[in-house]
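Peer 1: One structure follows; several queries about it will come next.
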Amino acid sequence: MNSVATGLVLIPGAVALLVFLVFTYLYEQNRHTYFRAWQLAWAAYTLHYALKAVEYFQGPSALLSLLSSLLLVAMAICIFVSTRLMKEPFQLKWYDVALTVTGVLLSYVSLRAHMASGVFSEKATPPPIYLQLEIGLAATLLYCSFHFYRYAFRRNSVAFRTLAFSLALWAALMGAGQLRQPFLDIVGQLGGFLGPIPQMLLAIAMVMVLFENERNAVQDNALEFSTLGVDPRRLLSASDLVPRLQTFVERLVAPLPSRRAVFFVSEQWRGTVPSVQKGFSPEFLEKLQKTQAGDYIAELAYRRGGVVTFRNLRELEEPLPALSGGKFEVCKQRELPT
């Protein structure tokens, strides 16, 4: 197999697949929408290299070339959209449409430049540099890099600085790959071989972003729970705190894979702080409070740092044998939702 093709297609494609799996894992751990945007971006990028590999083994094809270019456009659009998903939910903007249309037109121009007498050829003369798709992609990545750098500067975030640097490096290598002067052509080919490096840096940066998010979430949630947003000068009953605790539980559950949770308070504290649930029925919460199942869950959560997750409860074995006495069997026998 041609070593150049291996370096330019197969190795970056394998790295892209690994990075896609990393982003999939990150999204499963933290359901923020910008992790989903990066997951979709690398799904498109992996498919781009898959089509390039097919094109390498089966020969040049106008359709495969166009589809692979459109996948690059989709990847850039997802990264572009992610720059605002950190602060607001997704809403389609006019400049999203404009950028997509521009990318499609550049893909078409690139395809037309490789057509000679109606036959697709990779050796055809490329279009002017300002009409090349890769230059547009590099400019988009540079914009995203600048946006992430501003965000990092405001929040003093090392993770987002690393992300900005990785995107800037990737944009520089992508732009250098389109230069066609003797010395710069060598730099461009080197940039193709170094393509996996920005991908790996981006994966590392996003892991750092997840870590920072988790740390900030712990701090914010601790502050929220310490006040619950109520007036400390008023004397409140447990029932008065239910709406505030409901909001607190929804905030805790939002980034988690699960959409159902119970904030369970032991009986001796229930007169001061109420138990609340999200995704379950009030009858289920009442059943937990009246049986040993709730006490067992509270004890288990206490021994695990305050949070415990159950999956396939009826098939689960005793998590903590030290808590013998039949409580776990009582917990399994309750008619818990699946």
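The values are calculated or read from the model by the stated rules, or taken from the named source; none is laboratory data. On a predicted model such as this, the values are computed, not experimentally measured, just so you know. When we count neighbours, we look across all protein chains shown, and the Cβ atoms used for this are built from the backbone with ideal geometry, even at glycine. These area figures cover heavy atoms from the full protein model, side chains too; ligands, DNA and RNA do not enter into them. Shrake-Rupley method; radii C 1.70, N 1.55, O 1.52, S 1.80 Å.
Peer 1: Out of the residues in the stretch 147-166 that are of a type in the set (S, T, N, Q) and closer than 16 Å to residue 215 by Cβ, state the one that is surrounded by the fewest Cβ atoms within 10 Å (Cβ to Cβ). Can you show your working first?
Peer 2: Just the residues of the stretch 147-166 that are of a type in the set (S, T, N, Q), to begin with: 156-157, 162, 166.
If we keep only those that are closer than 16 Å to residue 215 by Cβ as well, we get 156-157, 162.
Details: 156: 8, 157: 19, 162: 20.
In this case the residue turns out to be 156.
Peer 1: Can you tell me how many residues within the stretch 267-290 are assigned to a helix (DSSP H, G or I), open to solvent by 70 Å² or more (accessible area, probe 1.4 Å) and among the polar types (S, T, N, Q)?
Peer 2: 1
Peer 1: Could you run through the stretch 21-78 and say how many residues are of a type outside the set (D, E, K, R), under 26 Å from residue 208 (Cα atoms) and outside any helix (DSSP H, G or I)?
Peer 2: Of the residues in the stretch 21-78, 2 are of a type outside the set (D, E, K, R), under 26 Å from residue 208 (Cα atoms) and outside any helix (DSSP H, G or I).
Peer 1: Sort through 158, 119 and tell me the only one that's among the β-branched types (Val, Ile, Thr) and at pLDDT 85 or above.
Peer 2: Values: 119 fails: at pLDDT 85 or above.
Among 158, 119, only 158 is among the β-branched types (Val, Ile, Thr) and at pLDDT 85 or above.
Peer 1: Quick one: residue 220 ticks every box in (1) open to solvent by 80 Å² or more (accessible area, probe 1.4 Å); (2) at pLDDT below 70; (3) assigned to a helix (DSSP H, G or I) bar one, so which box is it?
Peer 2: (1)
Peer 1: I'm checking my understanding of the structure. Among residues of the stretch 35-72 that are open to solvent by 20 Å² or more (accessible area, probe 1.4 Å), in contact with a helix residue (DSSP H, G or I) (Cβ under 8 Å, 6 or more places away or on another chain) and among the aromatic types (Phe, Trp, Tyr), which one is farthest from residue 11 (Cα to Cα)?
Peer 2: If we take residues in the stretch 35-72 being open to solvent by 20 Å² or more (accessible area, probe 1.4 Å), in contact with a helix residue (DSSP H, G or I) (Cβ under 8 Å, 6 or more places away or on another chain) and among the aromatic types (Phe, Trp, Tyr), then 56 is farthest from residue 11 (Cα to Cα).
Peer 1: Follow-up question, since we're still on this one. Please go through the stretch 79-116 and give me each residue that is in a helix (DSSP H, G or I), modelled with pLDDT of 85 or more and among the polar types (S, T, N, Q), ordered by number.
Peer 2: Selection gives 82, 83, 100, 102, 107.
Peer 1: With the checklist (1) surrounded by 10 or more Cβ atoms within 10 Å (Cβ to Cβ); (2) among the hydrophobic types (A, V, I, L, M, F, W, C); (3) at pLDDT below 90 in hand, flag the one item residue 76 doesn't pass.
Peer 2: The number of the failed condition is (3).
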